[in-house]
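S.K.: First the structure, which I've put down as structure tokens, then a few questions once you've had a look.
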Amino acid sequence: MLLTVENLSVKYGNIPALTGLSISVREGTLVALLGANGAGKSTTLNTIAGLLNPTAGTITFDEASIGGAPAFRIVRQGLALVPEGRMVVAPLSVEDNLELSSYARGRTRTASLNQVWELFPRLAERRRQRAGLLSGGEQQMLAIGRAIMTKPKLLLLDEPSMGLSPALTDVVMEAIKRIHESGVTVLLVEQNTALALPLADYAYLIDRGEIVAEGTAQDLEKDPDMIARHLGLDNKITEQEMKAIIGDGKPAQRESI
């Protein structure tokens, strides 16, 4: 396994955020971590990436223990996080944001700007523009491009579709698919199962800091009511809706969610 998380627990003060969480990511796969807001998805990624310290459990990446290690060392080992909220450096240009990240794994530049321009032509058009003036979708492209500049073995993506228009969501998700197909292992956090499951080789469902289900998209299809319950939906997912999620990523319209 490229990444193994075992019995991970994290607290914010005295409040537990993760409790005995275990997941694994095999090299070359795309794994989805699904859950409602507040379920512990971002906490999981931030702890793996070294932004939070675990209170218990182990994290092993590429055969090395990284639990509690500083974030800069984890990046240098080949793990990159695209955080929720994008966190671009607003006063710097698009190109400067990317150049800055290209040295994150050490003194030697790890990737070419052309890789990012090819993935996101819109960023190439705006390469001299200040990052803070980009649209939300363009900033998400930049955040992903910045991670790619570190040439990661494992890419962590935290809610990449959040706040994007349908058109820009399609662009971003297609880019994630292409990144994965290029050989990068991906751990994708999403609340939108319709976007994540069609891309995923395997998926975990998290609720209140614990893994409550796991399996392939077809495995999760067997219990749509369980999916609805843990994602905080008001009413049950119908068989037709679940087939739409698993099949083409376009869920049927619902009157209330």
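S.K.: Please determine, by comparing only the residues of segment 153-190 that are part of a strand (DSSP E or B) and of a type outside the set (Val, Ile, Thr), which one is modelled with the lowest pLDDT.
M.R.: Glu190
S.K.: Can you confirm whether Ala64 is at pLDDT 95 or above, more than 17 Å from the chain's Cα centre (by Cα) and within 19 Å of Asp207 (Cα to Cα)?
M.R.: No.
S.K.: So which residues in segment 206-221 are under 20 Å from Ser42 (Cα atoms), over 18 Å from the mean Cα position of the chain (by Cα) and not charged (D, E, K, R), if there are any at all?
M.R.: Residues satisfying the conditions are Val212, Ala213.
S.K.: Within segment 131-142, identify whether any single residue is buried (at least 18 other Cβ atoms within 10 Å of the Cβ), over 20 Å from the mean Cα position of the chain (by Cα) and on the phi > 0 side of the Ramachandran plot, and answer yes or no.
M.R.: For segment 131-142, residues buried (at least 18 other Cβ atoms within 10 Å of the Cβ), over 20 Å from the mean Cα position of the chain (by Cα) and on the phi > 0 side of the Ramachandran plot: absent.
S.K.: Determine whether segment 20-28 contains at least one residue that is in contact with a strand residue (DSSP E or B) (Cβ under 6 Å, 6 or more places away or on another chain), free of Cβ contacts under 8 Å to residues at least 60 places away in the same chain and among the hydroxyl-bearing types (Ser, Thr, Tyr).
M.R.: Checking segment 20-28: at least one residue is in contact with a strand residue (DSSP E or B) (Cβ under 6 Å, 6 or more places away or on another chain), free of Cβ contacts under 8 Å to residues at least 60 places away in the same chain and among the hydroxyl-bearing types (Ser, Thr, Tyr).
S.K.: Picking from Arg229, Arg254, which residue would you name as being over 25 Å from Gly57 (Cβ atoms), part of a helix (DSSP H, G or I) and at pLDDT below 90?
M.R.: Criteria check complete, one pass: Arg229.
The values are calculated or read from the model by the stated rules, or taken from the named source; none is laboratory data. The structure displayed is predicted, hence computed values, not measured ones. Glycine also receives a Cβ, built like all others from the backbone with ideal geometry; neighbour counts cover every protein chain displayed.
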